[in-house]
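Following: one structure in structure tokens, then a few remarks.
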Amino acid sequence: MEPDKTQLRFTYAAQNVLGKDVMAMRRDEWNGLLLSNGMPTLLNQAPAPVGRVMSDSMVVAVAASGICNPDPGFDIVRYDPKDSPHIYNIDHYRVHENLTQHERFSEICKAASMERTPQLENALTEYVFVVKNKPSETLDHWSTELPDRINIARHKTE
């Protein structure tokens with residue numbers, strides 16, 4: 001399936017404005033990962049936008065949580081004994097389920113040379129935008145133990 005040109009253009013503009021890796025994911029794929037009760041969901045693998053991490057290191061857990069949580073997104077927990085005592089490296093990918101509400105949305109539109117219109121907003125509702133936190137933005141990036149949001153995550157059985 002060919003990527004949507006509006007989504008691609010907007011993703012590149014967001015990456016430029018935010019100065020971070022930004023990826024888009026189809027909303028139905030994102031929703032399909034989550035437990036319906038909003039609790040953190042334990043995943044068997046990282047979602048497609050960041051799947052290469054799974055082969056680049058020893059991943060011990062991947063969990064996702066939706067907008068009902070204070071910091072929706074997914075976490076990839078990597079194990080590295082060389083970082084002892086902080087043997088877990090936790091990468092957090094913030095998921096913006098409604099990027100039109102992002103405080104820098106107008107800047108992103110301008111960078112994409114796009115006008116904020118109902119058509120643009122409607123086109124963007126098909127996607128969630130995944131923004132990788134920098135290690136300094138993830139409070140427990142270097143950790144000695146798995147955080148509660150990972151420990152309480154459960155597999156989706158539906």
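The values are calculated or read from the model by the stated rules, or taken from the named source; none is laboratory data. Nothing here was measured: the structure is a model prediction, and the numbers come from that model. Note that we place each Cβ from the backbone using ideal geometry, even for glycine, and neighbour counts take in every protein chain shown.
If a residue must be over 13 Å from the mean Cα position of the chain (by Cα), farther than 20 Å from Arg149 by Cβ and not in a helix (DSSP H, G or I), how many such residues does segment 82-109 contain?
Count: 5.
Of the conditions (1) surrounded by fewer than 18 Cβ atoms within 10 Å (Cβ to Cβ); (2) over 15 Å from Val22 (Cβ atoms); (3) under 15 Å from the mean Cα position of the chain (by Cα), Lys134 satisfies every one except a single condition; which number is it?
Here Lys134 meets the rest and fails (2).
Which condition does Ile150 not pass, out of (1) hydrophobic (A, V, I, L, M, F, W, C); (2) over 22 Å from Gly19 (Cβ atoms); (3) not in a helix (DSSP H, G or I), if it passes all the others?
For Ile150, the exception is condition (3).
Across segment 68-81, which residue is farthest from the chain's Cα centre (by Cα) among those that are without any contact (Cβ under 8 Å) to a residue 24 or more places away in the chain and not in a strand (DSSP E or B)? Lay out the reasoning, then the answer.
So the first thing to find is which residues in segment 68-81 are without any contact (Cβ under 8 Å) to a residue 24 or more places away in the chain, and the list is 70-71, 79-81.
Pick out the ones that are also not in a strand (DSSP E or B) and you get 70-71, 80-81.
Values: Pro70: 13, Asp71: 10, Asp80: 22, Pro81: 26 Å.
This residue is Pro81.
Can you name every one of the strands (runs of 3 or more DSSP E) wholly within segment 8-67 that holds 3 or more residues which are modelled with pLDDT under 90?
Ranges flagged: 59-65.
Hey, Leu139 hits all of (1) more than 24 Å from Gln7 (Cβ to Cβ); (2) assigned to a loop (DSSP other than H, G, I, E, B); (3) modelled with pLDDT under 90; (4) touching a strand residue (DSSP E or B) at 6+ places or on another chain (Cβ under 7 Å) but one; which does it fall short on?
(4)
For segment 113-126, give me each residue that is under 19 Å from Arg26 (Cβ atoms) and in a loop (DSSP other than H, G, I, E, B). Break it down stepwise before answering.
Our first condition is that a residue be under 19 Å from Arg26 (Cβ atoms); within segment 113-126, this holds for 119-126.
Residues satisfying the conditions are Thr125, Glu126.
What's the number of the condition Arg116 fails, among (1) modelled with pLDDT of 90 or more; (2) crowded, with 16+ Cβ neighbours inside 10 Å; (3) in contact with a Ser or Thr (Cβ under 8 Å, 6 or more places away or on another chain); (4) not small (Gly, Ala, Ser)?
(2)
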